[in-house]
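Reading through the structure tokens given below for one structure.
The values are calculated or read from the model by the stated rules, or taken from the named source; none is laboratory data. Predicted, not measured: the structure shown is a model, and the values here were computed from it. Note: ideal-geometry Cβ built from the backbone for every residue, glycine included; neighbour counts use all protein chains shown.
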Amino acid sequence: MSRRPPVDACECQRCVDTAKRRASRKANPPETAERVASVRRQYRALVAHVGQSGNPEDLDALLALVREMDAAVGEAVRGLRGTNARGAAADGFSWGRIGKAAGLTRQGAQQRWGTPPGAASADVS
Ligand SMILES: [Zn+2]
């Protein structure tokens, strides 16, 4: 039987370095800023690609992604507000704070992200 040993059993420098990187990554998952930077790089590359594609349907796909990403922000907003049992406004998750970060009014932010798609009403704190 000539199967290669699993990566973590190999002692070559490359595998040792890879195992160290993986262990470090697991112990220190990327912070939000690092994740944002990664998505930003990919997004800018996609935008540049679409701009040069010569295909209007590529723009349709890009704009659909933009709408999808904006709607997904609502999940983060509702998650942050929902995980704060003492009241959302007390820990900085007020609609005013969220609206300011998004360049919206308090009411605008609440209307945009306060209610999941298909649900009936929003809470107003
Ligand atoms: Zn190796």
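Here are the numbers:
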{"quantity": "The range 1-47 - residue that is among the hydrophobic types (A, V, I, L, M, F, W, C), within 16 Å of the ligand (Cβ to nearest atom) and loosely packed, with under 10 Cβ neighbours inside 10 Å and, of those, modelled with the lowest pLDDT", "calculated": "ALA9"}
{"quantity": "Positions within the range 68-115 being out of contact with any helix residue (DSSP H, G or I) (no Cβ under 6 Å at 6 or more places or on another chain) and at pLDDT below 85, in sequence order", "calculated": "GLY82, THR83, ALA85, ARG86, GLY87, ALA89, ALA90, ASP91, GLY92"}
{"quantity": "Test: GLY74 is assigned by TED's automatic domain parsing to the domain that holds THR115 and either in contact with a Phe, Trp or Tyr (Cβ under 7 Å, 6 or more places away or on another chain) or in contact (Cβ under 8 Å) with a residue 60 or more places away in the chain (or both)", "calculated": "yes"}
{"quantity": "Any pair with Cβ under 8 angstrom, 6 or more apart, that starts in the range 37-59 at a residue that is in contact (Cβ under 8 Å) with a residue 60 or more places away in the chain and ends at one that is part of a helix (DSSP H, G or I)", "calculated": "none"}
